[in-house]
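Everything on this sheet refers to the single structure shown next.
Every number here is computed from the coordinates shown, using simple stated rules; none is lab data. None of these values were measured; they are calculated from a predicted model. When we count neighbours, we look across all protein chains shown, and the Cβ atoms used for this are built from the backbone with ideal geometry, even at glycine.
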Number of protein chains: 4
Amino acid sequence: MPQIKESETYLQDLQSRLRQFAIDRDWEQFHAPKNLAMALAVEAGELMEHYQWLSEEQSENLDQQQLQTVGFEVADVFLFTVRLADRMGIDLADLVEKKIKINEEKYPVDKVRGSAKKYTEYASD
Amino acid sequence: MPQIKESETYLQDLQSRLRQFAIDRDWEQFHAPKNLAMALAVEAGELMEHYQWLSEEQSENLDQQQLQTVGFEVADVFLFTVRLADRMGIDLADLVEKKIKINEEKYPVDKVRGSAKKYTEYASD
Amino acid sequence: MPQIKESETYLQDLQSRLRQFAIDRDWEQFHAPKNLAMALAVEAGELMEHYQWLSEEQSENLDQQQLQTVGFEVADVFLFTVRLADRMGIDLADLVEKKIKINEEKYPVDKVRGSAKKYTEYASD
Amino acid sequence: MPQIKESETYLQDLQSRLRQFAIDRDWEQFHAPKNLAMALAVEAGELMEHYQWLSEEQSENLDQQQLQTVGFEVADVFLFTVRLADRMGIDLADLVEKKIKINEEKYPVDKVRGSAKKYTEYASD
């Protein structure tokens, strides 16, 4: 009995649902990858706005109300990411796995551990 | 026998793996939600950079090489989104479902369809 | 004899120079406001990247080399801001003065001073 | 009689005013460069939001009302750029001139003119 990979099931199912959502509203015409990339960055800005004047420590201690508000912004980013992947025709789950593998090779545990410098270099990817 | 929801399986599993990736490298100290939100926005900018001088039509016709390059940027955004959700302690799959429902109620098919104005208002969420 | 306002002199002169720079390279065709707004946001992301893993305190103590590197990113944002204003045909110096006045009225000193809450609200503009 | 450079006059004067604005409201404590860079990127996102679903052509034809609305967003970006330069202690007008010179050398008119490829490379700076 073949086992369906869960990752593909979840992301591919979500892609289909968001595609249908756009088709039903005649929105595909607006969803060129260029525009979706903009919308994604706009949502990322809205998400970040909640944190801009907080200290790092404060950002770790949002109350339940704030967590829900900010959580919905995270969901917005997530939804546009999945929508963009669909419009690009890429296999997001597959690329995510490949990217994790690249990161593992680029930042080997024994070399990176405890090295702030290595982490700062991580920033410049 | 209870059925495990695939969505939770995939995202929760990915959250665990990214958490372990950070722990192994002593990177949790850098991953305050504030910083992860910044990193997410930075990746969104890198993704967008590939499209900034292209027409919408050109953005729909990347070649295989470009698709892979840009696809890895999408994966980067995706990974930081999942990492941030984990550090916030939110149930991302659940919030995604709730947000889709909110969007469905906010943009009913029969009112939105064919209305560019409605779509422009969509932009201001 | 009328006195030319310095603000207009500086910004209008800079607008002219950047316009000529684009004309000379046949780049006006790429500089639709939509694209310039994207380029501006991309540069803002590159600027932010330098700070994403630094503490607020570390961000105040860059060395001379870092200050120059990050300073050039600030200059990039500035240049795209002025270029965009030119393509939009707006009087940037005038709008800047109007926005300062709006901010002064919105955040009166005696009400805002010492109120972190007021500042957090400031974040949501 | 010494001639004061207009650029320094305008930007330095604006820096002083924005600094005083923050001091008067006890906001300097929030204005670490890290936070200002975030605020700048957030404003860049708000600016971009107005253009995300417009075609390039539509983005060139905003009406007066829209121009004012979007113009204020451009002013917000501009104000945070100048505020950040002040907190970094850099000479923005000087770096702007240096950056223009760098761009002139990097994109010589006779090599760039009419070359879309060169422009796309420009995108990857």
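In terms of other Cβ atoms within 10 Å, A:Val109, A:Val82, B:Val77, D:Val112 run from fewest to most in the order A:Val109, D:Val112, A:Val82, B:Val77.
The residue in chain B that lies nearest, by its beta carbon, to the axis linking chain B with chain C is given here with the distance in whole angstrom as B:Gly45, 1.
In nanometers and ordered shortest first, the copy-to-copy spacing of the B:Gln20 label point, defined 7 Å from Cα toward Cβ, is 3.5, 6.0, 6.2.
Of the residues D:Leu67, B:Leu47, A:Leu54, the one with the fewest other Cβ atoms within 10 Å heads the list, and the complete ranking is D:Leu67, A:Leu54, B:Leu47. For the pair region A:12-28 and region D:69-89, the centres of their Cα atoms are 38 angstrom apart.
3J(HN,Hα) along region B:50-60, derived from phi through the Karplus expression 6.51 cos²θ - 1.76 cosθ + 1.60 where θ = phi - 60°, amounts to 5, 9, 4, 9, 8, 6, 4, 5, 4, 5, 8 Hz, with x in place of Gly and Pro. Estimated translational diffusion coefficient (Stokes-Einstein, Kirkwood radius over Cα pairs, 4 °C, 1.567 mPa s) of region A:1-90: 87 µm² per second. For region A:12-26, 3J(HN,Hα) computed residue by residue from phi via the Karplus equation (6.51, -1.76, 1.60; θ = phi - 60°) reads 5, 5, 5, 4, 4, 5, 5, 5, 5, 4, 6, 4, 4, 9, 6 Hz, glycine and proline entered as x. Annotation for region D:43-116: trypsin sites (Lys or Arg not before Pro) lying in DSSP loop with at most 15 further Cβ atoms inside 10 Å of their Cβ are D:Arg113.
Computed about the Cα centre, the dipole magnitude for region A:1-90 is approximately 560 debye when only Lys and Arg (+1) and Asp and Glu (-1) carry charge, each at its Cβ. Straight-line cross-link partners of A:Lys106 among the aspartates and glutamates, defined as a Cα under 12 Å from its Cα and at least 8 positions apart when in the same chain: A:Glu121, A:Asp125. Distances between equivalent label points of B:Thr69 across the copies, with each point positioned 7 Å along Cα→Cβ, amount to 2.3, 3.6, 4.0 nm, shortest listed first. Structure note, pairs C:Lys101/D:Lys99; C:Lys34/D:Lys99; B:Lys34/B:Lys99; C:Lys99/D:Lys34; B:Lys34/C:Lys111; C:Lys34/C:Lys99: Cα-Cα distances above 25 angstrom occur for C:Lys101/D:Lys99; B:Lys34/C:Lys111. By the count of neighbouring beta-carbon atoms within 10 Å, fewest first, D:Glu104, D:Glu46 end up ordered D:Glu104, D:Glu46.
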